[in-house]
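K.L.:
So that we are looking at the same thing, I have put the structure below in structure tokens.
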Amino acid sequence: MTIEFENPKPVEQARFLLQTVADNMMRPVSREMDENEHAIPFGYVEFMNTAMKAMGSGSAGSLAPSEGKNSDDPTRAKRPSIAYQLLANQLEMLAWGDVGMYLITPGGGLGAAAVQAAGSPEQREKFLARFNGEKPTFAAMCMTEPQAGSDTSAIRTRAVLDENTREWVITGEKIFVTAGDKSFNDHPEFGKGFIVVWASIDPSAGRAGMRSFVIEAGTPGVKVTKLESKMGIRVSDTASISLDGARVPFENILGSPTVERTTTGFKGAMATFDATRPLVAATGVGVARAALEEVKKMLADQGVTIHYGLPRQKLSSIEKDVIEMEVMVKSAWLMVMKAVWMADNKQPNALESSMSKVKSGDIVTKVTQKAVEILGPLGYDREFLLEKWFRDAKITDIYEGTGQINRLVVARQILGYSGSELR
Amino acid sequence: MYGFTPTEEQKMLIDAVARFSKSDLRTAAHAAEEHKNLAQRLVNKGWELGLLQASTPDIYGGFGERSSVTGVLAAEELGFGDLAGAIAIMTPGLFVLPILLAGNEQQKTNYIPQVIEGSWRPFTSALIEPSFDFDPNALKTTAKKVDNGFVLNGVKTYVPFANQAEAMVVYAALDGVTKGFIVSKNITGMEVSDRIKLMSLNALPMYRVTFKDVKVPETSLLEGDFEPVLAGMRVTNAALAVGVARAAFEYACGYAKERDAFGVKIAQKQAIAFMLAEMGVEIESTRLLTWEAAWKLDMAKEDAAHDAYLATTSASDMVMSVTDRAVQILGGHGYIRDHPVEMWMRNGRGFATFTGLAIV
Ligand SMILES: Cc1cc2nc3c(=O)[nH]c(=O)nc-3n(C[C@H](O)[C@H](O)[C@H](O)COP(=O)(O)OP(=O)(O)OC[C@H]3O[C@@H](n4cnc5c(N)ncnc54)[C@H](O)[C@@H]3O)c2cc1C
């Protein structure tokens, strides 16, 4: 055990490769995709489907939080996995390219991550194999409802077991489902995906009654009713999904079908968050780094040098801003790395995960806001991508737990408080 | 690879430092600040932890190799205990490490063993100058080459233990480039002021030192680059700031869980809890920046000095806001000197200026 900060080879290689993808397949279409909301960059999606399989991973769904990728390699038996570190690096780089396009990278996203975190080995086998198929395939996670966002305990979607057919019958309204359209609706170019829907099997049990269900694409009774128009990440579809007596096989429940009056079922969702929050944080760092690098480049083109090493009293206002932005990006990245490193080393990382998300949500908004400000009329002009990154950035502080919700998680951990002691 | 766990050896050292810091430094801090006096016994005990000795190769009387990572881990712990005490204990390092980093073989053998072997003795250095835009890379103190040596002119301030120092490293601009010069006590033209009084660090004896046509021999020049020395000072400053911030943060957490208002503990109010969460996040993020910069220094990475600058920049902002929040969380009680948070807040403002008071 030691303190060190060197990327292992596979990480360097992955970064190098994805830098090429970002440069050649993302940035050139970034603007076009932003201007044509809901258009699909098939070139990128198909390329990534092949590339990610070749690379072994690339989305949250492609690895199990409980077991590293290296574990089946006997020569590496003793070495800790670097799977999460690799993934965080990949996502950071893709988000540097275009975070909206990253969100429509095939591979299962949050839906597959939920199966990884809460599914049985059989369920993983059954539901996740599809992501290695010929066609790009998507999965989505449906937690949020019109009246239940941060407060997930307010979820009203119900799952009732039909004892005769041994099917779950699910009814409710879900909103803001990332990749909901691509996961559920029929697209000839894509493989058959699924959505993971959170519902209560016993409303009187509160959180203890919450379960998630895998619902296959095209299941009758389920409909995508709307695609949202958004401030940013416009290339990513954000769907409303209504479920009206949708019938789902008994074995599609993730976790126990009975209610033990504990919150273990819900803890599945929370475990998913421990795994995915640093990854979302990584994408925030990617956007922030993109903005920072662009600012530095545009300033350098204008002959502006940043004098690192000077006392503050001698720095120009722009220099101060840029240095501060660099501090933010760097430190946020280190927090991501610590959180994923802990995951790789099987250390509980709820605190560090939420910390990295708080930090990333903070800095990516600040850095992109500053970037637009510094570049003045150019920053605000759609000829450049800075204004787009400013719009894309904001979502980092909203999904996967808002900045406030993650502050709550951090504070509870620090103070040793339960959810009822600190609401 | 990435790694975030200290080695076993580092852990043992850090544990020892942490114990001392908590049971000795911290308990003495308040009285030391109030009475403007740090017990020599305490400084000696801190010296005996052997931090500097462990950074010095055995040929110069020590028993190890310098590691900035180990150094910043230790500095955080010391800063957590008490900043004034931490700086006092580390002061001889201000003399030894620059010689180790930038001196020649003869300077090392001449000077280092006498500091390292035996008990704590006052050896120090003079970097900071009394001007608002003090810049370690554009010093107003000058060194001029003359026959058989150099002539130093200028004013230094914030020099710990200058009145009793047996020797110090004085930094001056030689043809516009910062260089260190070894200056022994009682040299003609050097004048040490009365003790200076600052917003905090009252326990630490510090002085203004004036150099008027001070002639030093050729052999006093540290020929090596100042950059790694400055980088070392910067990561140390950052690490001490993290320690002070953590002290304030932990104190505020404990207080917030005890203090009642409106029928609940104040920590149960989001306004307080969110401040604490943000303090925790900012401390951790600066700590990681500091570790990475220190690691890069150890690995002699090209951008190590750059990262050290970012770390200290981040740290001075972070420690100011964290210590301010800590006072805020204690409310009126935070403003009363019986609680340590107001002292940490006074410490906190200083880190923008303190680079040069310690190096690991
Ligand atoms: C583009 C996009 C994609 C998304 N993708 C998905 C997805 O794939 N799957 C999914 O399930 N959801 C998704 N979401 C939903 C997202 O996770 C929620 O929007 C988010 O959790 C916040 O919920 P809300 O919008 O209802 O806000 P609310 O919960 O109503 O929050 C409003 C404000 O109140 C604050 N607040 C709430 N509770 C507290 C509290 N206890 N203490 C202090 N402050 C509080 C919040 O921080 C926020 O500032 C997505 C959202 C967007 C915009």
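K.L.:
What number, in percent, do you get for the relative contact order of the stretch B:124-276 if the mean sequence gap of Cα pairs under 8 Å and at least 6 apart is divided by its residue count?
P.N.:
Contact order relative to length: 21 percent.
K.L.:
Report the gain in length on full extension from residue A:24 to residue A:247: 0.36 nm times residue separation, minus Cα-Cα distance, nm rounded to one decimal.
P.N.:
That works out to 75.9 nm of additional length.
K.L.:
For residue A:186 and residue A:260 in one chain, what is 0.36 nm times their gap in residues minus the Cα-Cα distance, to one decimal in nm?
P.N.:
22.9 nm
K.L.:
For the stretch B:227-353, count the residues as N, evaluate 2.2 N^0.38 Å, and divide the Cα radius of gyration by that value, please.
P.N.:
Relative to the rule-of-thumb radius for its length, the stretch B:227-353 sits at 1.16.
K.L.:
Mind listing which chymotrypsin sites (Phe, Trp or Tyr not before Pro) in the stretch B:78-171 are in a DSSP loop and have 16 or fewer other Cβ atoms within 10 Å?
P.N.:
B:132
K.L.:
Same structure, new question: Once the piece of chain linking residue B:328 and residue B:110 is laid out straight, how much longer is it, given 0.36 nm per residue of separation minus the C-alpha distance between them?
P.N.:
73.4 nm
K.L.:
Here is a follow-up. Could you tell me how many cubic angstrom of Cα convex hull volume the stretch B:1-63 has per residue?
P.N.:
Taking only Cα atoms, the stretch B:1-63 has a hull volume of 121 Å³ per residue.
K.L.:
List residues of the stretch B:280-310, by number, whose backbone nitrogen lies under 18 Å from a label position 7 Å along Cα→C-beta of residue B:321.
P.N.:
From the stretch B:280-310, the list is B:280-290, B:310.
K.L.:
Something else now. Which GluC sites (Glu not before Pro) from the stretch A:366-423 combine a DSSP loop assignment with at most 11 other Cβ atoms within 10 Å?
P.N.:
Here the GluC sites (Glu not before Pro) that fit, given the DSSP loop and packing criteria, are A:383.
K.L.:
What per residue convex hull volume, in Å³, comes out for the stretch B:123-222 when only alpha-carbon positions are used?
P.N.:
On the way: hull volume 8.7 nm³, N = 100.
Per residue, the Cα convex hull of the stretch B:123-222 comes to 87 Å³.
K.L.:
While we're looking at this one, here's another question. Of B:281, B:151, B:327, which is the most mobile in a GNM of chain B whose springs link Cα atoms less than 10 angstrom apart?
P.N.:
Residue with maximal mean-square fluctuation among B:281, B:151, B:327: B:281.
K.L.:
At what distance in angstrom do the alpha carbon centres of the stretch B:256-324 and the stretch A:146-211 lie from each other?
P.N.:
Taking the Cα centre of the stretch A:146-211 as reference, the centre of the stretch B:256-324 is 39 Å away.
K.L.:
With a Cα-only, solvent-free Debye model of chain B, what are the log10 I(q)/I(0) values at q = 0.12 Å⁻¹?
P.N.:
Listed by q, the Debye log ratios stand at -0.84.
K.L.:
Against the globular-protein guess of 2.2 N^0.38 Å, express the Cα radius of gyration of the stretch B:103-144 as a ratio, rounded to two decimals.
P.N.:
Working: Rg = 14.8 Å, N = 42, 2.2 N^0.38 = 9.1 Å.
Output field value: 1.62.
K.L.:
Pop a pseudo-label 7 angstrom from the Cα along the beta-carbon direction at both residue B:302 and residue B:11 and give the gap in nm to one decimal.
P.N.:
Distance between the two pseudo-spin positions: 3.6 nm.
K.L.:
Charges only on Cβ, +1 for Lys and Arg, -1 for Asp and Glu: so what's the dipole of chain B about the Cα centre, in debye to the nearest 20?
P.N.:
Working: 34 positive and 42 negative charges, 197 e Å.
Once rounded to the nearest 20, the dipole reads 940 debye.
K.L.:
If you count, for every residue in A:349-355, the Cβ atoms of partner chains within 10 Å of its Cβ, what is the mean?
P.N.:
Per-residue shielding by partner chains comes out at 2.
K.L.:
Highest GNM mean-square fluctuation, chain B, Cα pairs closer than 10 Å: which of B:69, B:242, B:177?
P.N.:
B:177
K.L.:
Mind putting a number on the dipole of the protein assembly as shown about its Cα centre? Charges go on the C-beta only, +1 for Lys and Arg and -1 for Asp and Glu, and I need it in Debye to the nearest 20.
P.N.:
Working: 83 positive and 94 negative charges, 269 e Å.
Dipole size: approximately 1300 debye.
K.L.:
Would you calculate, for chain B, the mean residue ellipticity at 222 nm contributed by helices, counting each DSSP H stretch of 4 or more residues as -39,500 (n - 2.57) and dividing by all residues, to the nearest 500?
P.N.:
-16500 deg cm²/dmol
K.L.:
Sticking with this one: When only Cα pairs under 8 Å and 6 or more residues apart are kept, what is the percent relative contact order across the stretch B:108-169?
P.N.:
Dividing the mean separation by the residue count of the stretch B:108-169 yields 42 percent.
K.L.:
Under the rule of -39500 (n - 2.57) per DSSP H run of 4 or more residues, summed and divided by the residues of chain A, what mean residue ellipticity at 222 nm is obtained, to the nearest 500 deg cm²/dmol?
P.N.:
Per the formula, -15000 deg cm²/dmol.
K.L.:
How big is Rg to Rh over chain A, alpha-carbon atoms, Rh as the Kirkwood inverse-mean-distance radius? Please report the intermediate quantities before stating the final value.
P.N.:
Numbers: Rg = 21.5 Å, Rh = 22.1 Å.
My calculation of the ratio gives 0.97.
K.L.:
Taking 35 Å as R0, compute the FRET efficiency from the Cβ-Cβ separation of residue A:383 and residue A:16 and round it to 0.05.
P.N.:
Once the sixth-power term is evaluated, E becomes 0.75.
K.L.:
Dimensions of the stretch B:23-122 along principal axes (Cα, Å, largest first)?
P.N.:
Computed over the Cα atoms, the extents are 43, 25, 19 Å.
K.L.:
Membrane-span-like helices in chain A: DSSP H runs reaching 30 Å or more (Cα, own axis), mean Kyte hydropathy at least 0.0?
P.N.:
Span-like helices, by this rule, are A:264-301, A:317-344, A:350-374.
K.L.:
When all C-alpha to C-alpha distances in the stretch A:366-410 are sorted into bins of 10 Å, what percent of pairs does each bin hold, rounded to whole numbers?
P.N.:
The percentages, shortest bin first, are 30, 37, 23, 11.
K.L.:
If you don't mind, another one. Taking 7 Å along the Cα-to-C-beta vector as the label spot, tell me the residue A:423-residue A:50 distance in nanometres, rounded to one decimal.
P.N.:
5.6
K.L.:
Starting from the eigenvalues of the Cα gyration tensor, five times each then square-rooted, give me the equivalent ellipsoid semi-axes of the stretch B:270-312, largest first, whole Å. Could you put the intermediate results ahead of the total?
P.N.:
Working: eigenvalues 173, 12, 4 Å².
They are 29, 8, 4 Å, listed largest first.
K.L.:
Something else now. Restricting to Cα atoms and excluding each atom paired with itself, what does the Kirkwood estimate give for the protein assembly as shown in Å?
P.N.:
Values: mean 1/r = 0.0353 Å⁻¹.
One decimal place: 28.3 Å for the Kirkwood radius.
K.L.:
What do you get for trypsin sites (Lys or Arg not before Pro) in the stretch A:354-391 restricted to DSSP loop and a cutoff of at most 12 other Cβ within 10 Å of the site's Cβ? Please list the in-between numbers first.
P.N.:
On the way: sites: A:357, A:359, A:366, A:370, A:382, A:388, A:391; in loops: A:382.
Sites meeting the loop and neighbour criteria: A:382.
K.L.:
Taking chain B as the reference, fit the longest principal axis to its C-alpha atoms, fit the long axis of helix B:270-298 to the helix C-alpha atoms, and give the angle between the two in degrees, 0 to 90, nearest 10.
P.N.:
Rounded to the nearest ten degrees, it is 30.
K.L.:
Another one. Please list 3J(HN,Hα) in residue order for the stretch B:10-23, calculated via the Karplus relation 6.51 cos²θ - 1.76 cosθ + 1.60 where θ = phi - 60°; whole Hz, with x for glycine and proline.
P.N.:
Along the stretch B:10-23, the couplings run 4, 4, 4, 4, 5, 4, 5, 5, 4, 4, 4, 4, 6, 8 Hz.
K.L.:
Shifting gears a bit: For the pair residue B:175 and residue B:336, how long in nm is the line joining their label points, each one 7 Å along Cα→Cβ?
P.N.:
Going by the 7 Å Cα→Cβ label model, 6.2 nm.
K.L.:
Just to verify a number: FRET efficiency for residue B:48 and residue A:307, C-beta to C-beta distance, R0 = 56 Å, to 0.05? It would help to have the intermediate numbers written out before the result.
P.N.:
Values: r = 42 Å, r/R0 = 0.75.
According to the calculation, E is roughly 0.85.
K.L.:
Using a 7 Å offset from Cα along Cα-Cβ at residue B:199, what residues in the stretch B:324-348 end up with backbone N under 12 Å from the label point?
P.N.:
B:324, B:343-348
K.L.:
What is the pair-distance distribution P(r) of the stretch A:105-222, computed from all Cα-Cα distances in 10 Å bins starting at 0, with each bin given as a whole percent?
P.N.:
14, 44, 34, 8, 0
K.L.:
Normalised by the number of residues in chain A, what is the relative contact order in percent for Cα pairs under 8 Å and 6+ residues apart?
P.N.:
RCO, chain A: 16 percent.
K.L.:
Say we join alpha carbon atoms closer than 10 Å with springs in a Gaussian network model of chain A; which of A:225, A:137, A:171 then has the biggest fluctuation?
P.N.:
A:225
K.L.:
Can you work out ³J(HN,Hα) from phi for every residue in the stretch B:116-124, in order, using Karplus 6.51 cos²θ - 1.76 cosθ + 1.60 and θ = phi - 60°, giving whole Hz and x for Gly and Pro?
P.N.:
Whole-Hz 3J(HN,Hα) from phi for the stretch B:116-124: 6, 7, x, 8, 4, 9, x, 10, 8.
K.L.:
Just how many % of Cα pairs in the stretch A:164-226 lie over 13 Å apart, if you round to the nearest whole percent?
P.N.:
So the pairs more than 13 Å apart make up 67 percent of the total in the stretch A:164-226.
K.L.:
Rounded to a whole number, what is D in µm²/s for the stretch A:260-382 from Stokes-Einstein with the Kirkwood radius over alpha-carbon pairs (20 °C, 1.002 mPa s)?
P.N.:
For the chosen part, D equals 134 µm²/s.
K.L.:
Using +1 on the beta carbon of Lys and Arg, -1 on that of Asp and Glu, and nothing else charged, what's the dipole of chain A about the Cα centre, debye to 20? Walk me through the numbers before you get to the answer.
P.N.:
On the way: 49 positive and 52 negative charges, 178 e Å.
With Lys and Arg at +1 and Asp and Glu at -1, about 860 debye.
K.L.:
Which angle from 0 to 90°, rounded to the nearest 10, does the C-alpha axis of helix B:68-81 make with the longest principal axis of chain B?
P.N.:
50
K.L.:
Compare the Cα positions of B:141, B:97, B:55 along the charge dipole of the stretch B:42-160 (+1 at Cβ of Lys, Arg; -1 at Cβ of Asp, Glu; about the Cα centre) and return the one farthest towards the positive end.
P.N.:
B:141
K.L.:
Nearest 0.05, what FRET efficiency do residue A:153 and residue A:316 give at R0 = 51 Å with Cβ-Cβ as r? Please report the intermediate quantities before stating the final value.
P.N.:
Working: r = 50 Å, r/R0 = 0.99.
Plugging the Cβ-Cβ distance into 1/(1 + (r/R0)^6) gives 0.50.
The numbers here are math on the coordinates, done by the rules we state, and not lab data. All values derive from a computational prediction rather than experimental measurement. Here Cβ is always computed from backbone atoms with ideal geometry, including for glycine, and neighbour counts include all displayed protein chains.
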